[in-house]
Amino acid sequence: MSADTAYMASIWQQALVHMKKAFIKPLFETWIKSTIPLSINDSVIEIGTPKLFVKEWLESRYLPVIKAALKAAANKDFEIVLINMDIEMEGLEDSPLLTAVEEAENDINIESIISAEIQNTYKPDSKPLTAHHDISPDDFLSYLDDISDIPEAAATLSPTRLTAPVPSPPASSHQDKRSARNQQLYNLPPADEFILNPKYVFSTFVIGNSNRLAHAASLAVSEAPAQVYNPFFIYGGVGLGKTHLMHAIGHRIKENNPNMKVVYISSEKFTNELINSIISGNPENFRQRYRNIDVLLVDDIQFLSKKEHTQEEFFHTFNTLHEANKQIIISSDRPPREIQTLEDRLRSRFEWGLITDIQTPDLETRIAVLRKKAMMESLNVPNEVVVYIASRIENNIRELEGALIRVIAYASLNNQPIDIDLATEALKDIFPNGRPKQVTAELIQDVVASHFKLKLEDMSAKKRTRNVAYPRQIAMYLCRELTETSLPKIGEIFGGRDHTTVIHAHDKISREKNMDAKLNNTLKDLIKRIES
Ligand SMILES: Nc1ncnc2c1ncn2[C@@H]1O[C@H](COP(=O)(O)OP(=O)(O)OP(=O)(O)O)[C@@H](O)[C@H]1O
C-alpha cells in the first residue's frame, strides 16, 4: 500500500467520523457510506461514487459538508472531485483502498489496542493478545479492577506506568501522520465541544399524544434547570425522539443562560473517555471536566449496564452535580428498574426526579412529523404519499424520516414530481407489498357507514340527526386526512355541502379526538380498515 493511499484512507476515515455527526443517519447511510476515496494530492481529493445519481446528489447538496469534514480531518482545504464509478460496491471488496480504510477504522479502536498493550505489560502470565482489537473497553476496566487486587500490580498502576506502553512515535512520515491522528483521537476535546444538533430544537419537535408529557416536562426543565425535575429521566423505544428532546433542552437552556455550561454525551462516549483518561493517567482531568458543569445530558444510559466501573464513576459524577444543584438529564430505551445490572444506588438516584416516557406515535403524529420534515425541506409532498409512509412505519420516527428522504431523493434524482407511484417505486425494497390501495372519499364513506351500521346513502343525505351527522363528520375528517380531495369536492361528495361544512367537521373531530380516547380508537380502527 502506498503512503498516499494510506494517508488518503486515514483522512477519509476521519472525515467520515465528522460526517456521521453532521448528517442524520438515513442521509449518511444513503449518500455518504457508499463513497470511497480514490486519490489524493496536495490540493485535490477524488472520491468515487457507486452511481451517477449519488454523485449528482452529493454535488448539488453536500459538497460543502464533505469539504468541511475533510478540512477538519486534514487541517487544510481540498478541492473535491466526485467520480461516478457506476459499479456495485461489492466489486471493490479487494481494493487496496478499502483495505486501507478498514485499517484506518481499526486504528480508531485505539483504547483497545492500548489496553492490550497494558495487559501484556502488567500481567505477564496472561495469554498473549495477538488480536488486539478484540478487547472491549469493558474488558479493560475489569482488567484494571482485577489487577488492583494484586499489590505489585496495583503499585504499577501509576499514571507514568500506564502511559508507558503507548506505542512510541513511528519514524516514517506516513506513520507520523497516523500517529498524529491517533494522538488527536487519544486526547479528549474539551467538554463544551460536544455540540448540540441545531436541528433538534423544540420548534422542530412534533407534539402528539405519545410524547406530550415528555415534551411538557422537557420544556419545564429547560425553563428552570435544576429547579423542577432533577434528575429528569426520559425513556422510550428506538428512534422516538429522546435525543431530539435532550438537545432541545440543551439549546433552550443555552439560549436562556448563555453562561451555563451544558454538556451532552452518550453513555458510550462517557465510558470511552473514562478509559482514555485512565490510560493517559489523567482520571482527575476527566472528573473535573464532568463535575464542573451546569447541565449534564447523558444519552442512552442503558449502555452502562454491566459496566460496573463506569457506573461507579458516573455515580460519583451524579452525586457531585446533584449536590451542587446542577441539572442532570438522562435518556434510556427503558425505565431504570428494567436496566439490568444497574447498581441499585444508581437506580434509586434516577428515581429521585421525574421519569417520563415516549410512546410509539399514533398515525396522526406520524403524519404530522412527515409534514413537518417536508415543510422544513420546502417540499410539497402529496398527502397520499405522506399517509402511505406513515401508515406503514409505526414504531420508529427515524425510519419514517428515512423513508421520506428516500422518496425525496428518488424524485430529485429522476427529476420527477413526488406522487404515489414514485413513492411506491422508491420504497419497494422497504414495503414489498407494493402500491397501496387507492384511498378514495367513496371508500372512506363506505367503511365509515358500515362501521356505524348506516346506509351508504346516509353519507350524502340531508338528514342531520346525530346518529348520522356524527359519522358523516368523521368521514369528512378522514377524507381530509387520508386523501388529496379538495374541500369543495369533499363537500360535493357528501351531498353537495358547502366546503365550510367540511372545514367545521374536520376541526370538530380533530379537537374532540384529543379529549376522547374512544373516538381516537374508533378513528384508528377506521384508518386500519380503510388502508388494509
Ligand atoms: N416528535 C418528533 N418530531 C419531530 N421529529 C422527531 C420526533 N421524534 C423523533 N424525531 C426525529 O426522529 C429521529 C430520531 O430521533 P432521536 O434520535 O431523538 O431518537 P432516540 O429516541 O434518541 O433514538 P435512539 O434510541 O436510537 O437513541 C430524529 O431525526 C428526530 O429529529
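Could you tell me which of the pairs Lys20/Lys428; Lys463/Lys518; Lys33/Lys428; Lys71/Lys306 are separated by over 29 angstrom between their Cα atoms in the structure shown? Numbers along the way, then the final one.
Working: Lys20/Lys428 26 Å; Lys463/Lys518 24 Å; Lys33/Lys428 21 Å; Lys71/Lys306 38 Å.
Long pairs (Cα-Cα over 29 Å): Lys71/Lys306.
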Inter-site label distance for Glu268 and Leu379 at 7 Å from Cα along Cβ, in nm: 2.7 nm
Using 7 Å Cα-to-Cβ label points, what is the Phe28/Ala72 separation (nm, one decimal)? 1.0 nm
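Using r as the Cβ-Cβ distance of Phe315 and Ser460, and R0 as 60 Å, what FRET efficiency do you calculate, to the nearest 0.05? Don't skip to the end; give the middle numbers.
Values: r = 67 Å, r/R0 = 1.11.
Approximately 0.35, to the nearest 0.05.
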Relative packing of peptides 456-467, 516-527 - highest average C-beta neighbours within 10 Å first: 516-527, 456-467
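Which order do the peptides 295-301, 497-503 take when ranked by the mean count of other beta-carbon atoms within 10 Å per residue, highest first? Let's see the in-between values first.
Values: 295-301: 23.1, 497-503: 16.0.
Descending mean neighbour count gives 295-301, 497-503.
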Got a sec to turn the phi values of the range 295-309 into Karplus ³J(HN,Hα) couplings, 6.51 cos²θ - 1.76 cosθ + 1.60 with θ = phi - 60°, whole Hz, x for Gly and Pro? 9, 10, 10, 10, 8, 6, 5, 4, 5, 7, 5, 6, 9, 4, 5
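If each residue of separation counts as 0.36 nm, what is the full-extension length gain between Asn325 and Met260 once their alpha-carbon separation is subtracted? Please report the intermediate quantities before stating the final value.
Numbers: separation 65, 0.36 × 65 = 23.40 nm, distance 1.30 nm.
Net length gain for the segment: 22.1 nm.
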Just the projected area, averaged over all directions, of the convex hull on the alpha carbon atoms of the range 441-531: how many nm²? 5.1 nm²
In nm, give the distance between the simple-model label positions of Ser486 and Asp507, each being 7 Å from the Cα along the Cα-to-Cβ direction. 2.1 nm
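Report the extension gain between Leu219 and Lys21 in nm, rounded to one decimal, defined as 0.36 nm multiplied by the number of residues separating them, less their alpha carbon distance.
Details: separation 198, 0.36 × 198 = 71.28 nm, distance 2.50 nm.
My answer for the length gained is 68.8 nm.
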Using 20 Å as the Cα-Cα cut-off, could you pick out the over-long pairs in Lys373/Lys528; Lys55/Lys76; Lys269/Lys307; Lys462/Lys489? Lys373/Lys528; Lys55/Lys76
Please give the peptides 335-348, 68-81 ranked by average Cβ packing (other Cβ atoms within 10 Å per residue), highest first, as a rough proxy for protection. 68-81, 335-348
Quick check: residue separation of Lys453 and Lys306 times 0.36 nm, minus the Cα distance between them. What number comes out in nm? 47.3 nm
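Read the figures in this text as sums done on the coordinates, not as results from a lab. Bear in mind that the values here come from a model prediction, so they are computed numbers and not experimental data. With ideal geometry, Cβ positions are generated from the backbone for all residues, glycine too; neighbour counts draw on all protein chains shown.
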